[in-house]
Amino acid sequence: MSFEPKIVGFLCNWCSYTGADLAGTARIKYSPNLRSIRVMCSGRIEPTFILKALYEGADGVLIAGCHPGDCHYQEGNYKALRRHRMLRMILPGFGIEPERVRLEWVAASEGERFATIVDEFTEEIRSLGPLKVRDSLEMVLSEDVILNLDTAMEEGGDANEA
Amino acid sequence: MAVRIGVYICHCGTNIAGKVDIAKVVEFAKGLENVSLVKDYKFMCSDPGQALLQKDVEDGLIDRVVVASCSPLMHENTFRKATERGGLNPYLFTMANIREQCSWVHIDSGQTTDKAKDLIAAAVRRAFLLEPLTKREVPINPRTVVIGGGIAGIQAALDLAEAGKKVVLVEREPSIGGHMSKFDKTFPTLDCSACILTPRMVSVGQHANIELMTYSEVEEVSGFVGNFNIRVRKKARYVDSELCNGCGACWEKCPGTRVPRKGNVHEKLSLGPTTPIYMPFMQAVPAIPVIDTETCLYFKDDKHACGLCAKECERGAIDYEMKDEIVEFEVGNIIIATGFQTFDPSVIKRYGYGEIENVMTALEFEIMNCASGSTGGKILKADGGVPGSIGIIHCVGSRDKHYHDYCSRVCCMYSLKYSHLIKEKTDAEVYEFYIDMRCFGKGYEEFYDRLLTEDVRFVRGKVAEVTDVPTCKAEEGKLIVKVEDTLIGNVRRIPLDMVILSTGLEGHATLREIAKKCSVSVGQDGFLIEKHPKLGPVSTATDGVFIAGACQSPKDIPDTVAQASAASSAVLSMITREKIEIESATAEVDEDKCSGCKLCNTLCPYLAVKFDEEKGVSVVNQALCKGCGTCVAGCPSGAISAKHFEDRQIFAEIEGIFSGL
Ligand SMILES: Cc1cc2nc3c(=O)[nH]c(=O)nc-3n(C[C@H](O)[C@H](O)[C@H](O)COP(=O)(O)OP(=O)(O)OC[C@H]3O[C@@H](n4cnc5c(N)ncnc54)[C@H](O)[C@@H]3O)c2cc1C
Ligand code: FES
């Protein structure tokens, strides 16, 4: 069977998640490899989220925020851009191709663009092949990040009362 | 006590069930850790659907709720409320979007089913770590700002003022009125535009509840629903509005001119008043002139020799030293009603606009035809002669892949209006060059029928070219319209005296600026995006910001007015509540972990994070925080958490996505 990449998306609520929804409303078809997580703003996305996704099994990570100047919170996307550049610099150190993490701007009206990006990115990751060196990430991710939920569950019962 | 999660899977008729194997997904969800019950239902958002989860919560069967259905942007609130009615904190609910981002966008139902499983597993894991949040309520300031004083803004402001609410109406131009103030007659009833508009403009000017700020622009909007802070720049008019009584002595005597005139009738058209101190039009509200400093002789000359208007003004209202004024005020809601601009046809070179005489835009024709316009309402050629034949070209800039894809909705109708008015005033032969006739409104088709009997020539086809190069004697000195007449299947050349381009409507060049200030998005078509195309036509993604009129899409006056009233009633319903619940998902600093580096203080776009000198830690002002999470991601000590979007909640979602592997 051919390699089906797993891609995690982090989408900002206001533009990109809405844009992705619009692709749905317009019934635009795109590749099913993406699973998205909604955050309020691309500025919320921490490098650890991306590393955690790669560690857990993602072959690629897509970050999408509002176009520069359009961030619902004024400038969160600029912060996202800076963090993205930094992360891309350190990824090769773990043997991970920086192309596996992509940052895109998707407006609320750009359903079609969103679908195209997902298709293109899926193809790019497909050609890169599966990510093999996940273990190298153990060095940077602290134990509670790696064992996030398992720890919480082991603590027994309601994590919040624990 | 262990966490018990209830998972509800929606079929959404066949919208989800048609592509996702519900039975398989139910089986899968049952196997997930901490899930104590799984149910599926045809329409979860229906009353019985909501009751299903509400009852399970009431019966104490579950203490976390996951609904897998449409997008949270669609129904998060619905299910949060149902969760709350059941007696659980609404933030102990989360959603998996298996419609917009799953069943609707993929072809293979096996893959859609797999994806739905992953998304549900992610939501279940997230649910495990959700925490109850306390509701936050803020009072709603009963005052509203309406931005833009066209018919939309006028209607909205009057509605609110009549209901006894305070309104500030901010208009960029020296007078309110917008496009409608430029028209003579309005389709389809042909009632006189000024007759229906002027009384409303006057009411706005006089209403005790309306504060009118003309020649003013919104510079900054801050705050949030119920509590916006607006900063407006009132541009200097150089005429004191308290003293001026609009008598006209100043502009009548003004020796300057705003435009070098060549004597060509049409060159005066779109320019309106020609003196540097001018009243925008006779019915202007407020009836106070403005000085255009670019052309005013007093301002252009270092020695300020002119000063004639000041001498002429008996009331001493002219004030050359006047400065722009900045005003700040607070409002609870915002209505954007900034209207449209018309398409500039000079980019379509083959139509010759701006190159060939007697090719004019619809708006120019509208101004010429208006009794208060520069020809006194006479329809004249550039040389002052009466045209013997006129062609009207439809869809200029609209329904055209190169310019705007959309239909501008009013051009067919105003073109018909022109045919009628031309026939009324002249003996000219009239041609309408159309693609299709779109006469959808009340009384519109009837108006078209009427025109069919008024001896107007309708030619179906897109005009290829307008030229003044003749190929035979009959074409000399004429404008020649080259068109494929698709009803007879022939290319025709029709010689005419005048051509009117029915230019489409487009979003204002400056719409983006105001949209950005109010946190509203502009769509690909260049108009503002409403909250929902069908069910939320006047609200926006930002609470407390509403839109009305042609800034949302091309619209005729009836639709504009309907939308304006809808926006004002939406605002009234906000004001009547007095309080509104706002997002509880804000950021919070863990004082024990904060190292006091102050990095977050600079990251926050709302200055909500401040340093507490006494404690030596940063503190988030909950009233100002909007919950973007930028400070959270930036904190090097991991001391700030984003409620409802905590690190561990997001990690759990990531783990969930891969738990099925
Ligand atoms: C040639 C032509 C003929 C037409 N004829 C008819 C007709 O016969 N019948 C009919 O039903 N419809 C007609 N229409 C449509 C009609 O013009 C619109 O429906 C109507 O004007 C829309 O009103 P509005 O208030 O939304 O926008 P506008 O009339 O454009 O008013 C918007 C106002 O907002 C102001 N503004 C813009 N930006 C800002 C800002 N940033 N800050 C403050 N103020 C701002 C503008 O100065 C303007 O005063 C015609 C349109 C055209 C182009
Ligand atoms: S809200 Fe979209 S990037 Fe900030």
How about the range B:430-451: which of its residues are in contact with a strand residue (DSSP E or B) (Cβ under 7 Å, 6 or more places away or on another chain) and in contact (Cβ under 8 Å) with a residue 60 or more places away in the chain?
B:Tyr431
Answer with yes or no whether B:Gly205 is touching a residue at least 40 places away in the same chain (Cβ under 8 Å), surrounded by 16 or more Cβ atoms within 10 Å (Cβ to Cβ) and within 12 Å of ligand 1 (Cβ to nearest atom).
no
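Taking the options A:Ser16, A:Ser31, name whichever one is at the interface with chain B (Cβ under 9 Å from one of its Cβ atoms) and either in contact with a helix residue (DSSP H, G or I) (Cβ under 6 Å, 6 or more places away or on another chain) or surrounded by 24 or more Cβ atoms within 10 Å (Cβ to Cβ) (or both).
A:Ser31
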Within the range A:88-108, is even one residue at the interface with chain B (Cβ under 7 Å from one of its Cβ atoms), more than 24 Å from B:Arg126 (Cα to Cα) and more than 14 Å from the chain's Cα centre (by Cα)?
yes
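Name every residue in the range B:361-391 that is in a helix (DSSP H, G or I) and at pLDDT below 95, in order of residue number.
Within the range B:361-391, the subset in a helix (DSSP H, G or I) is B:362-369.
Within the range B:361-391, B:Leu363, B:Glu364, B:Phe365, B:Glu366, B:Ile367, B:Met368, B:Asn369 meet the criteria.
Residues checked against (1) surrounded by fewer than 19 Cβ atoms within 10 Å (Cβ to Cβ); (2) more than 10 Å from every other protein chain (Cβ to nearest Cβ):
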position: B:Val620; (1), (2): no, yes
position: B:Ala623; (1), (2): yes, yes
position: B:Pro636; (1), (2): yes, yes
position: B:Ala639; (1), (2): no, yes
position: B:Ala642; (1), (2): no, no
position: B:Glu653; (1), (2): no, no
position: B:Ile657; (1), (2): no, no
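Being modelled with pLDDT of 95 or more and under 30 Å from B:Val221 (Cβ atoms) is true for just one of B:Glu506, B:Glu465. Which residue is that?
Numbers: B:Glu465 fails: under 30 Å from B:Val221 (Cβ atoms).
Answer to the selection: B:Glu506.
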Number of the exception - B:Leu603 against (1) within 29 Å of B:Lys643 (Cβ to Cβ); (2) out of contact with any helix residue (DSSP H, G or I) (no Cβ under 6 Å at 6 or more places or on another chain); (3) surrounded by fewer than 21 Cβ atoms within 10 Å (Cβ to Cβ)
(2)
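I need the full set of residues from the range B:105-126 which are of a type in the set (A, V, I, L, M, F, W, C) and either more than 7 Å from every other protein chain (Cβ to nearest Cβ) or surrounded by 24 or more Cβ atoms within 10 Å (Cβ to Cβ) (or both), in order please.
Pass one, the range B:105-126, residues of a type in the set (A, V, I, L, M, F, W, C): B:105, B:107, B:116, B:119-124.
Across the range B:105-126, the qualifying residues are B:Val105, B:Ala116, B:Leu119, B:Ile120, B:Ala121, B:Ala122, B:Ala123, B:Val124.
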B:Lys579 vs (1) closer than 24 Å to A:Tyr73 by Cα; (2) crowded, with 22+ Cβ neighbours inside 10 Å; (3) among the basic types (Lys, Arg): all pass except (2)
Can you find a residue in the range A:76-94 that is part of a loop (DSSP other than H, G, I, E, B) and either away from ligand 1 (no atom under 16 Å from the Cβ) or under 24 Å from B:Ala585 (Cβ atoms) (or both)?
no
Filter result (more than 10 Å from every other protein chain (Cβ to nearest Cβ) and under 9 Å from the mean Cα position of the chain (by Cα)) within the range B:528-539:
B:Leu528, B:Glu530, B:Val538
Taking the criterion of being at pLDDT below 95 and within 14 Å of another protein chain (Cβ to nearest Cβ), would at least one residue in the range B:77-90 satisfy it?
yes
Filtered residues of the range A:10-68 (kept if assigned to a loop (DSSP other than H, G, I, E, B) and away from ligand 2 (no atom under 16 Å from the Cβ))
A:Ala26, A:Arg27, A:Ile28, A:Lys29, A:Tyr30, A:Ser31, A:Pro32, A:Asn33, A:Gly57, A:Ala58, A:Asp59
In the range B:606-649, how many are aliphatic (A, V, I, L, M) and within 16 Å of ligand 2 (Cβ to nearest atom)?
4
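Pick from B:Thr560, B:Thr540: which is at pLDDT 95 or above, buried (at least 19 other Cβ atoms within 10 Å of the Cβ) and polar (S, T, N, Q)? Let's see the steps before the verdict.
Values: B:Thr540 fails: at pLDDT 95 or above.
Result of the check over B:Thr560, B:Thr540: B:Thr560.
Could you identify the single residue in A:Ser127, A:Ser136, A:Ser142 that is small (Gly, Ala, Ser), at negative phi and either buried (at least 20 other Cβ atoms within 10 Å of the Cβ) or within 14 Å of chain B (Cβ to nearest Cβ) (or both)?
Values: A:Ser127 fails: either buried (at least 20 other Cβ atoms within 10 Å of the Cβ) or within 14 Å of chain B (Cβ to nearest Cβ) (or both); A:Ser136 fails: either buried (at least 20 other Cβ atoms within 10 Å of the Cβ) or within 14 Å of chain B (Cβ to nearest Cβ) (or both).
Going through A:Ser127, A:Ser136, A:Ser142 in turn, the sole match is A:Ser142.
Would you call B:Ile488 farther than 22 Å from B:Asp400 by Cα, of a type in the set (Val, Ile, Thr) and either touching a helix residue (DSSP H, G or I) at 6+ places or on another chain (Cβ under 8 Å) or exposed (fewer than 12 other Cβ atoms within 10 Å of the Cβ) (or both)?
Considered against the rule, which asks whether it is farther than 22 Å from B:Asp400 by Cα, of a type in the set (Val, Ile, Thr) and either touching a helix residue (DSSP H, G or I) at 6+ places or on another chain (Cβ under 8 Å) or exposed (fewer than 12 other Cβ atoms within 10 Å of the Cβ) (or both), B:Ile488 comes out as yes.
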Inside the range B:589-661, counting only strands (runs of 3 or more DSSP E) that do not spill past its ends, which hold 1 or more residues that are over 20 Å from A:Pro47 (Cβ atoms)?
B:609-612, B:617-620
Scanning the range B:127-153 for residues that are of a type in the set (Lys, Arg) and farther than 30 Å from B:Ala564 by Cβ, the one nearest to the other protein chains (Cβ to nearest Cβ) turns out to be B:Arg136
Where B:Ile326 falls short, out of the listed (1) within 37 Å of the chain's Cα centre (by Cα); (2) buried (at least 17 other Cβ atoms within 10 Å of the Cβ); (3) aliphatic (A, V, I, L, M):
(2)
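The values are calculated or read from the model by the stated rules, or taken from the named source; none is laboratory data. Just so we're clear, the structure is a prediction, and the values are computed from it rather than from any experiment. Don't worry about glycine lacking a Cβ; one is built from the backbone with ideal geometry, like all the others, and counts go over all protein chains shown.
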